[in-house]
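Take a look at the structure below.
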Amino acid sequence: MKLTHAVVAVLAAVVTGVGGGAGAAQIANAHDEAGVTSRTSTAKASTTRKPTAKKPTTTKPTTTKPTTKAARDALSEENVIRERLYYDVTGHSFTRVDPDPAEKLGPCTGDQTFADVLPSRGVTRIGSELVGEAGSGRRVVEQVAQTRTAREARATADEIVSLVDVCDGISGGDFGYGAAVTVESDANVTYFPAYDSDTAAGGYIVFSVGTRVGVVDVTDHVTPAEVDHLAKEAANIARD
C-alpha cells in the first residue's frame with residue numbers, strides 16, 4: 001500500500017508539473033499575443049490618420065461697378081470751321097471775326113434764328129464767322145449746338161432741312177438753292193448747293209453728329225464739290 005501511494009503521488013506530481021508548464025506556456029503566449037496586438041494597434045494608430053475634411057472654398061463673385069461715362073467735352077473753337085480748314089478746302093483766304101449773336105438761321109428761314117429750332121432745354125451753343133476781303137460780301141457763318149440726346153439733334157437737323165427744302169429762291173434776285181444732297185458718310189449730313197445767276201455761289205450745310213447739330217451758311221464762290229467736302233469736314237470736327 002505504501003508503494004502504491006508513493007507511485008500515485010509521483011504520478012500526480014508529474015501530471016501537475018506538466019499541467020502547470022502548459023498553463024504557464026499558455027499564459028506566456030497570451031501575454032505575448034496581447035503585446036503584439038497592442039503594439040500593432042499602436043503602430044496602426046500612429047501611421048493611419050483620417051484625412052482632414054477641408055472646408056469648401058467659396059469664391060466671392062467679383063462685383064464690377066458700372067463705369068460712369070465721361071462727361072462730354074464742351075463745345076469749343078475746335079468744333080467749328082476755322083481759317084486754315086476753309087483755305088485747305090477752297091483755297092480762299094478768310095479772316096475770323098466775332099459772330100453776330102442775333103444771326104438768322106439762314107437765307108430761306110426768314111426771321112427765324114438757330115435758337116428757334118433748337119430744344120428749349122439742355123442746349124449749349126457756339127458760333128463762328130469767317131469773312132473775305134472788306135466789301136466782298138463773302139462770308140461763312142457756322143452755328144453749332146449740343147443737345148441732350150442724339151435723337152434731339154437729328155430731329156433738329158431734319159427740321160432745318162425741311163425748312164430750306166421748300167425755299168426755291170430768294171425774293172428779288174436770282175439766287176437760289178439746288179436740290180438737297182445727302183452726303184454718304186457715317187453722319188447725318190445734307191447740303192444745298194447755291195447758285196447766283198447759274199453761277200456756283202457756295203451753299204447751305206446741315207448736319208447732326210451724336211448729340212450735336214449744326215448749320216453752315218457759305219456765301220462764297222465755291223463749287224458744289226467744295227461744299228460737299230466742307231460739309232464732311234464740318235461734321236467731322238463737330239463730333240462730341
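Here, each number is a calculation from the coordinates, and none is a lab measurement. This one's a predicted model, so the numbers in the text were calculated from it and none came from an experiment. With ideal geometry, Cβ positions are generated from the backbone for all residues, glycine too; neighbour counts draw on all protein chains shown.
Place a point 7 Å from the Cα of Ala134 along the Cα-to-Cβ direction; which residues of segment 89-108 have their backbone N under 20 Å from it? Residues 93-100 fall inside that zone.
Taking the average, over residues, of other Cβ atoms within 10 Å as the packing measure, peptides 188-196, 106-114 rank 188-196, 106-114 from highest down. A Cβ-based charge dipole, computed about the Cα centre of segment 72-239 with Lys and Arg at +1 and Asp and Glu at -1, lands at about 680 debye. Of the peptides 155-164, 134-143, 177-186, the order by per-residue mean of other Cβ atoms within 10 Å, starting with the highest, comes out as 155-164, 134-143, 177-186.
Straightening the chain between Ser120 and Ala102 buys 4.8 nm, computed as 0.36 nm per residue apart minus the Cα-Cα spacing. Taking Cβ atoms as reference points and 11 Å as the exclusive limit, the residues near Thr113 contribute a net charge of -2, counting Lys and Arg as +1 and Asp and Glu as -1.
Segment 97-160 and segment 201-240 have Cα centres separated by 12 Å.
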